[in-house]
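The values are calculated or read from the model by the stated rules, or taken from the named source; none is laboratory data. Treat the numbers as computed from the prediction; the structure is a model and nothing was measured. Positions of Cβ are backbone-derived with ideal geometry, glycine not excepted, and every protein chain shown enters the neighbour counts.
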Amino acid sequence: MPSVPAQLSSLRQLLAARFPQAARPADARLLTGIPSVDEATGGLPRSALTELVSAKPHAGAQLFLAQLLAVSRALPSRAALIDASDQFDPGSIPDEHLEHLLWIRCRSLQDALPAADILARDANFDLILLDLAAESRTALRRIPAHSWYRLQRAVEQTHLAFLILTPVALVPSAQLRLELVRAHDLSAQNQPRPQLAGALQVTPQRQRLAASA
């Protein structure tokens with residue numbers, strides 16, 4: 001059976017052949033539809049890494065992810081989710097918000113990072129999500145810093161927004177770092193998803209100028 005990087009490389013070639021003229025949006029940021037993010041930062045920067053830290057359970061990381069899938073589908077554009085721990089539940093999201101999504105189900109962190117590196121170089125995507133939120137902090141801290149800088153250099157050559165979900169501040173090359181600061185209580189389960197997404201409390205922890213600036 002081919003390795004995960006080999007499979008992804010073949011998939012990348014297939015996408016390039018099928019969509020040779022994928023259009024790039026003209027705007028420099030991807031609006032999320034979440035007021036606490038868009039008002040403070042203007043959205044997620046393109047050609048850059050954004051880190052979303054969710055240290056508390058039920059703070060809304062999956063709600064944030066679902067909101068981005070809805071926004072990117074509405075553009076419309078193509079998105080990819082690299083699911084490091086195979087935790088994503090597509091049944092919790094409307095089918096129409098998944099039609100543009102490439103879901104990479106990984107068996108380990110060692111599969112997820114090469115997949116991220118390959119997809120970050122693919123101009124067919126407008127949004128890439130790397131979900132590391134369920135990984136152990138010990139394992140994540142073993143990732144060498146140069147891996148993140150390599151990923152950043154790859155993303156700089158594209159116009160995509162690249163979001164990394166983590167349980168602890170981790171990515172030194174992230175242009176923008178956001179943190180989910182408030183956990184939802186049980187009563188939130190009865191509220192509509194758009195209402196919950198609009199009320200997410202997301203705090204910018206770091207925002208750097210783009211490299212080109």
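Yes or no: residue 130 at pLDDT 95 or above and either touching a helix residue (DSSP H, G or I) at 6+ places or on another chain (Cβ under 9 Å) or crowded, with 23+ Cβ neighbours inside 10 Å (or both)? Yes, satisfied. Among the residues examined, residue 117 does not qualify as assigned to a helix (DSSP H, G or I) and over 15 Å from residue 161 (Cα atoms).
Among the residues of segment 44-57, those identified as over 12 Å from residue 200 (Cβ atoms) and either touching a helix residue (DSSP H, G or I) at 6+ places or on another chain (Cβ under 7 Å) or surrounded by fewer than 20 Cβ atoms within 10 Å (Cβ to Cβ) (or both) are 47, 48, 49, 55, 56, 57.
For the residues 139, 145, 183, the requirement of being at pLDDT below 85, surrounded by fewer than 19 Cβ atoms within 10 Å (Cβ to Cβ), out of contact with any strand residue (DSSP E or B) (no Cβ under 6 Å at 6 or more places or on another chain) and among the small types (Gly, Ala, Ser) singles out 183. Scanning segment 66-77 for residues being surrounded by 22 or more Cβ atoms within 10 Å (Cβ to Cβ) and touching an Asp or Glu at 6+ places or on another chain (Cβ under 8 Å) gives a total of 1. The lone criterion from (1) surrounded by 15 or more Cβ atoms within 10 Å (Cβ to Cβ); (2) closer than 15 Å to residue 178 by Cα; (3) modelled with pLDDT under 95 left unmet by residue 35 is number (1). Residue 91 meets the conditions (1) in a loop (DSSP other than H, G, I, E, B); (2) out of contact with any strand residue (DSSP E or B) (no Cβ under 8 Å at 6 or more places or on another chain) in every case but one. The failed one is (1). Selection of first residues in segment 65-76 that are at positive phi and of second residues that are part of a helix (DSSP H, G or I), restricted to Cβ pairs under 7 Å at least 6 apart or on distinct chains, gives an empty result. Taking the listed residues 204, 194, the one that is modelled with pLDDT under 95 and either surrounded by 22 or more Cβ atoms within 10 Å (Cβ to Cβ) or assigned to a helix (DSSP H, G or I) (or both) is 194, with no other qualifying.
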